[in-house]
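Single-structure report; data block below.
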Amino acid sequence: MIKKEVLIIDYGMGNIWSVANALNYVGAKVVVSSDPDLIVNARKLILPGVGSFRRAMEVLREKSLDQAIVEAVLKKGSDILGICLGMQLMGTAGSEDGETIGLSLIPERVDKFSELELNHRKIPHIGFNQVNSSEESKLFSDIPSESDFYFVHSYRILPNNLNGAVSLCNYGVNFVAGYENGNIFAAQFHPEKSQGNGLRLISNYMHLNA
Amino acid sequence: MLKKRIIFTLLYNSGFFMLSRNFRLQKVGDISWLRDNYNFSNVSSSIDELIVLDISREKRDINIFRECLKEIVASCFIPVSSGGGIGSVDQAKLLLRSGADKVVINSQVFLRPELVFELAREFGQQCIVASVDTKRDSENNFHVYIDNGTNLLDLKLNEYLTNLSKLPIGELYLNSMDKDGTGQGYDLDLLKEVPDSFKCPIIISGGAGNFNHFVDALAHERVNAVATAHLFNFVGDGLSVSRNRVLDLGFNLARFSSF
């Protein structure tokens with residue numbers, strides 16, 4: 001069987017190594033690149049990320065990766081999976097370190113958990129938490145609802161009326177844990193850090209439309 | 001609901017993994033010893049997180065340490081924090097590109113607090129674990145030590161933590177030097193020194209000898225995670241047995257599935 005190929009977008013921020021490690025484990029062929037041409041022509045992308053929204057968008061723009069990603073996803077219909085900050089960058093805008101425009105692949109903005117939402121909970125929201133997923137979700141195929149996934153973040157996307165908010169997590173407020181709409185996928189948690197459930201989700205992403 | 005965590009900490013010193021007792025180190029074995037005695041793909045399914053610290057007392061070699069880190073985490077699909085002697089954004093980046101998700105900093109938090117801001121700007125606040133080593137004096141006041149426990153600061157723990165709460169850190173790793181490696185249980189009195197202004201999650205470390213110690217600490221409302229660095233107390237299936245016992249008692253820990 002030919003290994004399914006995936007390109008991890010390397011923009012110098014984030015846990016590329018861990019994501020690649022998990023992809024290798026589920027049998028994917030992994031390419032790590034910061035070359036816009038390769039990104040535009042990849043069929044399957046992963047946008048990882050750990051760090052601040054503003055800094056990450058600056059780097060994506062400096063390297064012209066923002067345009068390459070949008071072109072691959074919206075014009076060529078390539079699959080994309082954003083992980084953690086990668087998911088947030090796919091939103092319309094973020095308020096971390098000042099207002100910054102995002103990639104706008106997910107039609108919702110990214111803001112910090114408010115004091116009211118947190119109600120004395122600590123941020124960052126760090127650790128394993130239950131994710132309630134819808135049965136139709138492709139990412140969560142064969143993963144029971146209420147499975148535990150690993151989160152580490154202080155900013156969140158609220159479900160509001162967001163079409164594609166296929167799984168939610170609660171931390172004082174329900175927020176979007178998993179998003180999928182057409183070829184656009186995202187996880188606020190770290191599947192590569194979520195033991196067997198996370199590996200299953202990554203494997204599901206690799207076998208979409210198979 | 002957010003789960004509490006059990007964390008395993010590995011202490012690395014110039015090529016060897018160490019047992020620490022009151023910060024005195026005893027060599028246990030190198031990476032191949034670790035491979036033989038700790039099957040990390042198994043162990044990691046019993047813990048929520050792994051911390052790998054370079055506590056080398058001689059000169060540190062971050063490149064050799066990174067290779068060890070990579071090997072350890074290759075079969076772990078859990079969060080990994082790493083640190084020891086990190087003095088720059090570039091050094092932190094090296095660890096983050098070798099399998100770490102978060103960086104642990106200790107002495108530099110005191111010596112160069114501006115580094116904490118630089119790291120937070122580059123990687124986000126959630127990426128920074130501030131480690132604090134503390135020890136009681138003869139009157140049971142807690143004091144803070146830096147530089148692998150060798151230098152006493154002129155600050156009590158609660159004053160230090162008040163200062164720390166103003167820095168952009170993601171978590172606090174609070175380690176009792178008195179209990180370190182003793183297996184006598186955690187020093188939960190430490191938690192009384194944490195100011196109310198302190199908002200970030202707290203990992204308590206030092207003293208775990210058996211699963212009852214995990215239970216005692218996890219029951220404390222201010223504790224988000226318990227850590228043990230003892231290579232022998234939980235060897236073999238020790239961690240999985242302990243985890244299951246804690247779960248059986250109804251504690252709110254994550255349940256993992258295999259892939």
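The values are calculated or read from the model by the stated rules, or taken from the named source; none is laboratory data. None of the values given here were measured: they were computed from a predicted structure. Note that we place each Cβ from the backbone using ideal geometry, even for glycine, and neighbour counts take in every protein chain shown. These accessible areas exclude ligands, DNA and RNA; they are computed on the full protein's heavy atoms, side chains included. Shrake-Rupley method; radii C 1.70, N 1.55, O 1.52, S 1.80 Å.
Within the range A:14-50, the set of residues being within 14 Å of chain B (Cβ to nearest Cβ) and either without any contact (Cβ under 8 Å) to a residue 12 or more places away in the chain or more than 18 Å from A:Pro191 (Cβ to Cβ) (or both) comprises A:Trp17, A:Asn24, A:Ser34. Just so you know, in the range A:96-122 the residues that are open to solvent by 10 Å² or more (accessible area, probe 1.4 Å) and more than 30 Å from A:Val70 (Cβ to Cβ) include one that is modelled with the lowest pLDDT, and it is A:Lys122.
Against the conditions (1) crowded, with 18+ Cβ neighbours inside 10 Å; (2) closer than 20 Å to A:Ile184 by Cα; (3) not small (Gly, Ala, Ser), A:Glu5 satisfies every one except (1).
The single condition among (1) under 24 Å from A:Val73 (Cβ atoms); (2) touching a Leu at 6+ places or on another chain (Cβ under 9 Å); (3) not in a loop (DSSP other than H, G, I, E, B) that A:Phe151 does not satisfy is (1).
From the list B:Glu71, B:Glu67, which one is within 14 Å of another protein chain (Cβ to nearest Cβ), among the charged types (D, E, K, R), open to solvent by 30 Å² or more (accessible area, probe 1.4 Å) and touching a helix residue (DSSP H, G or I) at 6+ places or on another chain (Cβ under 8 Å)?
Values: B:Glu67 fails: touching a helix residue (DSSP H, G or I) at 6+ places or on another chain (Cβ under 8 Å).
The conditions single out B:Glu71.
One residue alone among A:Gly82, A:Gly51 is out of contact with any strand residue (DSSP E or B) (no Cβ under 9 Å at 6 or more places or on another chain) and not in a helix (DSSP H, G or I), and that residue is A:Gly51. Looking at the range A:10-33, which of its residues are modelled with pLDDT of 90 or more, part of a helix (DSSP H, G or I) and within 19 Å of A:Ala68 (Cβ to Cβ)? Selection gives A:Val19 alone.
Residue under question is B:Ser44, and the condition is that it be assigned to a helix (DSSP H, G or I), within 14 Å of chain A (Cβ to nearest Cβ), in contact with a strand residue (DSSP E or B) (Cβ under 8 Å, 6 or more places away or on another chain) and without any contact (Cβ under 8 Å) to a residue 40 or more places away in the chain; does it hold? Full working, then the answer.
Working: assigned to a helix (DSSP H, G or I): yes; within 14 Å of chain A (Cβ to nearest Cβ): yes; in contact with a strand residue (DSSP E or B) (Cβ under 8 Å, 6 or more places away or on another chain): yes; without any contact (Cβ under 8 Å) to a residue 40 or more places away in the chain: yes.
When the stated conditions are applied, B:Ser44 passes them.
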